[in-house]
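Q: The structure follows.
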Amino acid sequence: MKFLLNLHMNPAVWDSLTEDERNEVMTGHGAFMETVTKSGEMITTQGLADPSQSAVVRVRGGQPVVTDGPYLEAKEYLGGFYLIDCESRDRALELAAMIPDAKVEGLGVEVRPVMFADGQPEM
Amino acid sequence: MTIEPVAEDLLRELAPQVLGVLVRRYGQFEEAEDAVQEAVLAAAVQWPAEGVPANPRGWLVTVAARRLIDEFRSDRARRDREADAALREPEPDVPDTDDTLVLLFLCCHPALTPVSQTVLTLRAVGGLTTAEIAHAFLVPENTMAVRISRAKQRIKAAGARFAMPAPEELRERLDVVLHVLYLIFNEGYTASSGPELHRADLAHEAIRLMRMVHRQLPGDGEAAGLLALMLLTDARRAARVGPAGELVPLAEQDRSRWDARFVAEGTALVEAAMATAPLGPYQLQAAIAATHADAARAEDTNWRQVHLLYRILERIAPNPMVTLNRAVALAELEGPRAGLTLLSTLDDDDRINGHHRLPAVRAHLLEQAGEVEAALENYRNAARRTLSLTERRYLESRAARLIGRSG
């Protein structure tokens with residue numbers, strides 16, 4: 001089963017951490033990546049740039065309209081993700097708990113199942 | 001690299017036999033598996049150019065054994081084991097197909113997780129490459145390589161032996177094997193019905209391996225039953241997806257597009273098994289599929305028989321999913337209200353009350369009962385819960401048909 005582990009970032013929380021605490025989170029990601037790679041559960045991971053660097057594209061009357069800035073104004077935003085493939089939902093929750101962000105007060109890791117293309121039609 | 005289809009089929013047939021010979025002789029599953037993969041690759045390159053050797057199996061055994069010995073030699077730390085392997089008398093060649101079954105038992109060792117059992121079976125018994133397995137499961141090749149290698153290590157750590165299970169544990173071990181092949185089949189049946197049916201098609205691979213198991217254990221009713229179930233299910237493949245890739249439910253499928261050969265073979269298999277062997281869940285599910293296949297049109301379905309078979313299945317293998325399916329049959333026999341009453345017994349069952357199939361079936365029955373509003377709510381609820389995109393589209397389209405009729 002594939003899951004997207006979303007790392008929601010809150011800059012106010014992040015800024016309130018000490019240098020050591022921030023380093024601990026960073027190193028923790030290295031350890032986590034090694035764990036899921038060695039276990040054969042990692043598909044991919046990416047960190048995302050600050051939402052101030054985003055642009056939102058809308059096509060209106062056949063013309064693309066580009067707005068700089070994030071899609072939603074919010075105090076939290078998507079900071080990065082892991083895409084994993086594991087045995088069960090329980091295992092996905094277990095993996096999410098190993099991500100250092102999950103231990104930071106004010107932050108959490110969102111576990112979202114990935115849909116598959118086809119399914120059982122029987123009915 | 002394109003391999004002549006004949007050579008390719010032959011290679012996939014021979015690979016597990018060669019692996020069996022090597023593991024029997026040298027006892028190192030992990031290293032032997034690598035050596036066989038290399039030998040198969042060498043054959044894939046050489047045979048099309050130079051012709052298939054007179055004794056292809058012997059050729060592969062020789063090449064793979066040479067690689068394995070080279071591997072032992074190259075590793076000084078393994079000196080002792082090499083001496084040990086060299087001292088051991090080569091075992092006399094036992095009949096090939098036995099080895100394939102023994103290998104299947106090894107790959108489906110209870111110490112492994114279902115995913116590990118599945119990938120190892122595809123690799124070592126199915127002869128698929130790591131890339132093909134990765135493609136079939138939609139994961140990167142590296143991820144799959146790690147998984148396969150971990151599964152092999154776990155086999156070693158569990159001290160699993162290359163031997164047929166003892167008679168007293170045969171039933172239990174065989175059930176694991178059947179379950180793994182069933183998982184492989186389902187993975188293929190639900191995931192690869194699109195236009196790109198290719199050689200790594202998992203449903204066909206599962207049927208091929210299941211035929212082998214059935215050949216070896218012709219008296220086992222559940223092995224016959226699972227093979228029949230696979231054939232009867234796969235027979236509907238062409239009819240279950242519409243022109244736009246949408247799901248076509250059983251009742252609306254064009255039955256002239258069902259594969260008549262698979263239907264006939266599956267039906268004969270399950271009838272023979274039920275007449276001679278102890279009854280089991282796979283036989284019953286195959287018998288239900290055969291009953292559906294027996295009806296030229298959906299309205300000709302013998303629902304009395306379908307309902308009876310689900311009842312027996314419920315008794316020998318209680319499971320809320322079976323009760324759910326029985327509710328559909330009961331609704332056909334006695335009307336949607338009877339089906340809905342049976343469904344309400346599942347509401348407190350934690351094994352199923354978060355599952356999308358419960359509101360999906362309820363929606364169908366409510367629709368039949370003319371309760372449009374409630375049906376709509378259940379279709380939408382089911383659409384939100386399913387993890388299948390195709391199924392979500394199907395449920396949304398059922399809901400859309402009801403809008404306008406409600407209120």
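The values are calculated or read from the model by the stated rules, or taken from the named source; none is laboratory data. In this text the structure is predicted, and so the values were computed from the model without any measurement. So basically every Cβ, Gly included, is an ideal-geometry build from the backbone, and we count neighbours across all protein chains shown.
Q: Just the residues that are surrounded by fewer than 14 Cβ atoms within 10 Å (Cβ to Cβ) and within 21 Å of A:ALA49 (Cβ to Cβ), please, taken from region A:1-21.
A: A:PRO11, A:ALA12, A:ASP15 - these are the residues of region A:1-21 that are surrounded by fewer than 14 Cβ atoms within 10 Å (Cβ to Cβ) and within 21 Å of A:ALA49 (Cβ to Cβ).
Q: What number goes with the only condition from (1) farther than 20 Å from B:TYR189 by Cα; (2) in contact with a strand residue (DSSP E or B) (Cβ under 9 Å, 6 or more places away or on another chain) that B:LEU247 does not pass?
A: Result: B:LEU247 passes all but (1).
Q: What about B:GLU314, is it under 25 Å from the mean Cα position of the chain (by Cα), in a helix (DSSP H, G or I) and away from every other protein chain (no Cβ under 12 Å)? Working first, answer last.
A: Numbers: under 25 Å from the mean Cα position of the chain (by Cα): yes; in a helix (DSSP H, G or I): yes; away from every other protein chain (no Cβ under 12 Å): yes.
Against the criterion (under 25 Å from the mean Cα position of the chain (by Cα), in a helix (DSSP H, G or I) and away from every other protein chain (no Cβ under 12 Å)), B:GLU314 qualifies.
Q: For B:THR100, state whether it is part of a helix (DSSP H, G or I), in contact (Cβ under 8 Å) with a residue 24 or more places away in the chain, farther than 18 Å from A:THR37 by Cα and within 12 Å of chain A (Cβ to nearest Cβ).
A: Numbers: part of a helix (DSSP H, G or I): yes; in contact (Cβ under 8 Å) with a residue 24 or more places away in the chain: yes; farther than 18 Å from A:THR37 by Cα: yes; within 12 Å of chain A (Cβ to nearest Cβ): no.
Judged against the criteria, B:THR100 is not a match.
Q: Just to be sure I understand, how many residues within region A:97-123 are closer than 30 Å to B:ARG393 by Cα and either more than 9 Å from chain B (Cβ to nearest Cβ) or at pLDDT 90 or above (or both)? First the steps, then the outcome.
A: Step one: list which residues in region A:97-123 are closer than 30 Å to B:ARG393 by Cα, which gives A:109-123.
The next check asks that each one be either more than 9 Å from chain B (Cβ to nearest Cβ) or at pLDDT 90 or above (or both); those that pass are A:109-114.
The number of residues fulfilling the criteria is 6.
Q: Could I ask something else about it? Mind checking which residues of region B:349-379 are surrounded by fewer than 17 Cβ atoms within 10 Å (Cβ to Cβ) and either touching an Asp or Glu at 6+ places or on another chain (Cβ under 8 Å) or outside the structural domain of B:THR323 (by TED's automatic domain parsing) (or both)?
A: Selection gives B:ASN353 alone.
Q: Let me ask you something else. Scanning region B:324-379 for residues that are in a loop (DSSP other than H, G, I, E, B) and of a type in the set (Asp, Glu), which turns out modelled with the lowest pLDDT? Please lay out each step first, then the result.
A: In the first step, residues of region B:324-379 are kept if they are in a loop (DSSP other than H, G, I, E, B); the result is B:335, B:345-356, B:369-371.
Those left that are additionally of a type in the set (Asp, Glu): B:347-350, B:371.
On the way: B:ASP347: 94, B:ASP348: 92, B:ASP349: 92, B:ASP350: 89, B:GLU371: 97.
Result: B:ASP350.
Q: Would you point out which residue out of B:ILE288, B:ILE312 is surrounded by fewer than 21 Cβ atoms within 10 Å (Cβ to Cβ) and either touching a residue at least 12 places away in the same chain (Cβ under 8 Å) or out of contact with any Asp or Glu (no Cβ under 6 Å at 6 or more places or on another chain) (or both)?
A: On the way: B:ILE288 fails: surrounded by fewer than 21 Cβ atoms within 10 Å (Cβ to Cβ).
Selected residue: B:ILE312, the only one of B:ILE288, B:ILE312 that is surrounded by fewer than 21 Cβ atoms within 10 Å (Cβ to Cβ) and either touching a residue at least 12 places away in the same chain (Cβ under 8 Å) or out of contact with any Asp or Glu (no Cβ under 6 Å at 6 or more places or on another chain) (or both).
Q: Residues in region A:72-79: is at least one over 30 Å from B:VAL241 (Cα atoms) and within 14 Å of another protein chain (Cβ to nearest Cβ)?
A: Here is the first cut: in region A:72-79, the residues over 30 Å from B:VAL241 (Cα atoms) are A:72-79.
Checking which are within 14 Å of another protein chain (Cβ to nearest Cβ) leaves us with none.
Looking through region A:72-79, none of the residues is over 30 Å from B:VAL241 (Cα atoms) and within 14 Å of another protein chain (Cβ to nearest Cβ).
Q: Another question about this same structure. In this structure, is A:ASP85 within 12 Å of chain B (Cβ to nearest Cβ) and of a type in the set (D, E, K, R)? Working first, answer last.
A: Working: within 12 Å of chain B (Cβ to nearest Cβ): yes; of a type in the set (D, E, K, R): yes.
Considered against the rule, which asks whether it is within 12 Å of chain B (Cβ to nearest Cβ) and of a type in the set (D, E, K, R), A:ASP85 comes out as yes.
Q: Take the residues in region B:242-273 that are surrounded by 14 or more Cβ atoms within 10 Å (Cβ to Cβ), outside any helix (DSSP H, G or I) and without any contact (Cβ under 8 Å) to a residue 60 or more places away in the chain; name whichever of them is nearest to the other protein chains (Cβ to nearest Cβ).
A: The qualifying residue nearest to the other protein chains (Cβ to nearest Cβ) is B:VAL248.
Q: Moving to a separate point now. If you check A:VAL56 against the conditions, is it more than 19 Å from the chain's Cα centre (by Cα) and either part of a helix (DSSP H, G or I) or surrounded by 11 or more Cβ atoms within 10 Å (Cβ to Cβ) (or both)?
A: Numbers: more than 19 Å from the chain's Cα centre (by Cα): yes; either part of a helix (DSSP H, G or I) or surrounded by 11 or more Cβ atoms within 10 Å (Cβ to Cβ) (or both): yes.
In short, yes.
Q: Of the residues B:ALA338, B:ALA360, B:ALA369, B:ALA374, which is free of Cβ contacts under 8 Å to residues at least 60 places away in the same chain, among the hydrophobic types (A, V, I, L, M, F, W, C) and either in contact with a strand residue (DSSP E or B) (Cβ under 9 Å, 6 or more places away or on another chain) or more than 22 Å from B:TYR394 (Cα to Cα) (or both)? Write out each step before concluding.
A: Working: B:ALA360 fails: either in contact with a strand residue (DSSP E or B) (Cβ under 9 Å, 6 or more places away or on another chain) or more than 22 Å from B:TYR394 (Cα to Cα) (or both); B:ALA369 fails: either in contact with a strand residue (DSSP E or B) (Cβ under 9 Å, 6 or more places away or on another chain) or more than 22 Å from B:TYR394 (Cα to Cα) (or both); B:ALA374 fails: either in contact with a strand residue (DSSP E or B) (Cβ under 9 Å, 6 or more places away or on another chain) or more than 22 Å from B:TYR394 (Cα to Cα) (or both).
Every option except B:ALA338 fails the conditions.
Q: Please identify the pairs in which a residue from region B:25-52 that is among the β-branched types (Val, Ile, Thr) has its Cβ atom under 8 Å from the Cβ atom of a residue that is not in a helix (DSSP H, G or I), counting only partners at least 6 apart or on another chain.
A: Note: pairs meeting the criteria are B:VAL40/B:GLY127; B:VAL45/B:MET1.
Q: Could you tell me how many of the residues in region A:11-42 are in contact with a helix residue (DSSP H, G or I) (Cβ under 6 Å, 6 or more places away or on another chain) and within 14 Å of another protein chain (Cβ to nearest Cβ)? Explain how you work it out, then say what you get.
A: Of the residues in region A:11-42, the ones in contact with a helix residue (DSSP H, G or I) (Cβ under 6 Å, 6 or more places away or on another chain) are A:25, A:28, A:32, A:40, A:42.
Narrowing the set further to residues that are within 14 Å of another protein chain (Cβ to nearest Cβ) leaves A:40, A:42.
Number of matching residues: 2.
Q: Kindly indicate whether B:GLU377 is more than 14 Å from chain A (Cβ to nearest Cβ) and closer than 26 Å to B:GLY242 by Cα. Outline the logic, then answer.
A: Values: more than 14 Å from chain A (Cβ to nearest Cβ): yes; closer than 26 Å to B:GLY242 by Cα: yes.
Yes: the conditions hold for B:GLU377.
Q: What pairs come up if the first residue lies in region A:67-92 and is closer than 24 Å to A:GLY40 by Cα, the second is among the small types (Gly, Ala, Ser), and their beta carbons are under 6 Å apart, counting only those six or more places apart or on different chains?
A: That search, which allows pairs on different chains as well, returns A:GLY80/A:GLY47; A:CYS86/A:ALA92.
Q: For B:MET321, all conditions in the list (1) surrounded by fewer than 22 Cβ atoms within 10 Å (Cβ to Cβ); (2) at pLDDT 95 or above; (3) hydrophobic (A, V, I, L, M, F, W, C) hold save one; what is the number of the exception?
A: It is condition (2) that B:MET321 fails.
Q: Here are B:LEU128, B:LEU122: which of them is hydrophobic (A, V, I, L, M, F, W, C), part of a helix (DSSP H, G or I) and either crowded, with 21+ Cβ neighbours inside 10 Å or over 17 Å from the mean Cα position of the chain (by Cα) (or both)? Steps first, please.
A: Values: B:LEU128 fails: part of a helix (DSSP H, G or I).
Going through B:LEU128, B:LEU122 in turn, the sole match is B:LEU122.
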